[in-house]
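A single structure is presented below for examination.
The values are calculated or read from the model by the stated rules, or taken from the named source; none is laboratory data. If you're wondering where the values come from, they're calculated on a predicted model, not measured in any experiment. Ideal geometry is used to build each Cβ from the backbone, glycine not excepted, and the neighbour counts take in all protein chains shown.
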């Protein structure tokens, strides 16, 4: 079954608007397994619908992430997503950071540029 959504490339959208969110890139570079992030889903069907959801990270490979869905989209236009669904995404698609394991010190991993 084809997905009924895409994940927004929030980094590209911010850059188009002239926003360079250095703090977010540093925070993303410090993420670890168990941390929570928000991503924005875009419906692929008309009308365009967007929803921000929360995921808990289960795998990190450089700038590629896998996480399990903690919140459901409010609207039913995103197919068969369920709490616990696994999703893959990139650092450029991270909208914001949610709960993290512990306070972090920048500089442990290289910054994402």
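Tell me which residues, restricted to region 30-43, are in a strand (DSSP E or B) and surrounded by fewer than 18 Cβ atoms within 10 Å (Cβ to Cβ).
Here is the first cut: in region 30-43, the residues in a strand (DSSP E or B) are 36-43.
Listed by number, the residues that qualify are 38, 42.
From 11, 80, grab the single residue that is buried (at least 18 other Cβ atoms within 10 Å of the Cβ) and either within 16 Å of the chain's Cα centre (by Cα) or touching a residue at least 12 places away in the same chain (Cβ under 8 Å) (or both). Reasoning before the result, please.
Working: 80 fails: buried (at least 18 other Cβ atoms within 10 Å of the Cβ).
Of the residues listed, the single one that is buried (at least 18 other Cβ atoms within 10 Å of the Cβ) and either within 16 Å of the chain's Cα centre (by Cα) or touching a residue at least 12 places away in the same chain (Cβ under 8 Å) (or both) is 11.
Kindly indicate whether residue 46 is exposed (fewer than 11 other Cβ atoms within 10 Å of the Cβ), at pLDDT below 85 and more than 12 Å from the chain's Cα centre (by Cα). Give the steps one after another, and end with the answer.
Values: exposed (fewer than 11 other Cβ atoms within 10 Å of the Cβ): yes; at pLDDT below 85: yes; more than 12 Å from the chain's Cα centre (by Cα): yes.
In short, yes.
Test residue 97 against the criterion of being touching a residue at least 12 places away in the same chain (Cβ under 8 Å) and either farther than 25 Å from residue 4 by Cβ or surrounded by fewer than 15 Cβ atoms within 10 Å (Cβ to Cβ) (or both), and give yes or no.
Working: touching a residue at least 12 places away in the same chain (Cβ under 8 Å): yes; either farther than 25 Å from residue 4 by Cβ or surrounded by fewer than 15 Cβ atoms within 10 Å (Cβ to Cβ) (or both): yes.
Taking the combined requirement at face value, the residue satisfies it.
Which members of region 20-65 meet the condition of being at positive phi and touching a residue at least 40 places away in the same chain (Cβ under 8 Å)? Full working, then the answer.
Taking region 20-65 first, the residues at positive phi are 34, 62.
Correct list: 34 only.
Sticking with this one: Tally up the residues in region 72-92 that are modelled with pLDDT of 90 or more and either at positive phi or in a loop (DSSP other than H, G, I, E, B) (or both), please.
Of all residues in region 72-92, those modelled with pLDDT of 90 or more come to 83-92.
Okay, now just the ones that are also either at positive phi or in a loop (DSSP other than H, G, I, E, B) (or both), so 83-85.
Counting residues in region 72-92 that are modelled with pLDDT of 90 or more and either at positive phi or in a loop (DSSP other than H, G, I, E, B) (or both) gives 3.
Still on this model: Within region 93-111, take every residue that is outside any strand (DSSP E or B) and closer than 17 Å to residue 59 by Cα and give me the one that is modelled with the lowest pLDDT. Before the answer, list the steps.
Keep residues of region 93-111 that are outside any strand (DSSP E or B), which gives 93, 98-111.
Adding the requirement that they be closer than 17 Å to residue 59 by Cα leaves 93, 98-101, 109.
On the way: 93: 97, 98: 89, 99: 85, 100: 81, 101: 74, 109: 52.
Checking each candidate, the answer is 109.
Here's another thing I want to ask about it. Taking the residues in region 49-71 that are touching a strand residue (DSSP E or B) at 6+ places or on another chain (Cβ under 6 Å) and not in a strand (DSSP E or B) as candidates, determine which candidate is modelled with the highest pLDDT.
70
Scanning for something in contact with a strand residue (DSSP E or B) (Cβ under 9 Å, 6 or more places away or on another chain), over 15 Å from residue 96 (Cα atoms) and in a loop (DSSP other than H, G, I, E, B), does region 9-29 turn up at least one residue?
Within region 9-29 (the criterion being in contact with a strand residue (DSSP E or B) (Cβ under 9 Å, 6 or more places away or on another chain), over 15 Å from residue 96 (Cα atoms) and in a loop (DSSP other than H, G, I, E, B)), the answer is no, since none of the residues qualifies.
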